[in-house]
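Each remark here refers to the structure printed beneath this line.
The values are calculated or read from the model by the stated rules, or taken from the named source; none is laboratory data. A quick note: this is a predicted structure, and the numbers were derived from the prediction, not measured. Cβ coordinates were reconstructed from backbone atoms using ideal geometry, including for glycine residues, and neighbour counts include every protein chain displayed. Accessible surface areas use protein heavy atoms only, side chains included; no ligands, DNA or RNA. Shrake-Rupley method; radii C 1.70, N 1.55, O 1.52, S 1.80 Å.
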Amino acid sequence: DSLPQVRFQIAEKQLYEHAAPAPKMIFTNAYVERDTLIVPTAKGRLSLKKYDDSPDQGDGFRGWQYMGYYPTLHMHALVSHDVSENLGFSDMVLLDSTTSDQYGIVSIGDAAVELPIPSPDGRHLAYFYNLIYDRNSCFIGLLDRSGGNNDSQRNISEKASFQTKDWAVEDIRWLDNTAFIVKTYTVIGQGALKSKQYAYYLAKLDPK
């Protein structure tokens, strides 16, 4: 609540279509041995419990799910899963492959946020979460990744956020290092008559 608010302005569909999609995640180096997820880092291999979604596991920690690797950020993306009273909870965690530092991204809901999308220079990360039980509602977060490739100074901190009950997010694309555009949708109607209406919003980063 104390973070600055991301400010949006209405944008054209063509602006979104001309922006480059988020780069594909790489699924190399990490691997599974039986029920263990092995994730390589410069400080050695991390052995983590592999995510088990079997319904007979009961409450407790279910393990880690590997989401991919950001080669430009030198970071692995993982999701941890827990079950309590038959309800599932998950969290997105970024693992620095050079320092082994872990950065948890807090979600406003029970599920993990969507994969963060880095700016072209890797300085910022934008992510979103659509509320499961409140359609046409979402949260957007913006992270600052300072320090660049300097291992001793690299850190991730919260920069700004935004929340609305007017629309949900389908995709985010960066235009350049200082602006990103959001493809949003609003669900209208019910049942067979349900449909989506799309709109586009542009956000420009505060230079401070």
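Scanning region 187-208 for residues that are over 17 Å from GLY141 (Cβ atoms), open to solvent by 40 Å² or more (accessible area, probe 1.4 Å) and not aliphatic (A, V, I, L, M) yields a count of 9. Set side by side, the residues ASP134, ASP166 differ, and just one is out of contact with any strand residue (DSSP E or B) (no Cβ under 9 Å at 6 or more places or on another chain), acidic (Asp, Glu) and either open to solvent by 30 Å² or more (accessible area, probe 1.4 Å) or under 20 Å from SER2 (Cβ atoms) (or both), which is ASP134.
Pairs linking a residue in region 133-154 that is at positive phi to a residue that is aliphatic (A, V, I, L, M) and modelled with pLDDT under 90, with Cβ atoms under 8 Å and 6 or more positions apart or on different chains, do not occur. Just one of the listed residues (TYR51, TYR31) is under 20 Å from SER90 (Cβ atoms) and among the aromatic types (Phe, Trp, Tyr), namely TYR51.
Yes or no: TYR69 open to solvent by less than 80 Å² (accessible area, probe 1.4 Å) and over 27 Å from LEU87 (Cα atoms)? So TYR69 passes the test.
The number of residues in region 68-95 being touching a strand residue (DSSP E or B) at 6+ places or on another chain (Cβ under 9 Å), polar (S, T, N, Q) and within 22 Å of ILE108 (Cα to Cα) comes to 3. Restricting the search to strands (runs of 3 or more DSSP E) fully inside region 1-101 and requiring at least 1 residues that are hydroxyl-bearing (Ser, Thr, Tyr) and touching a Ser or Thr at 6+ places or on another chain (Cβ under 6 Å) gives 36-41, 44-49.
Applying the set (1) at pLDDT 95 or above; (2) buried (at least 19 other Cβ atoms within 10 Å of the Cβ) to GLN9 leaves exactly one unmet item: (2).
The set of residues from region 169-186 being surrounded by 15 or more Cβ atoms within 10 Å (Cβ to Cβ) and over 24 Å from GLY122 (Cα atoms) comprises just one member, TYR185.
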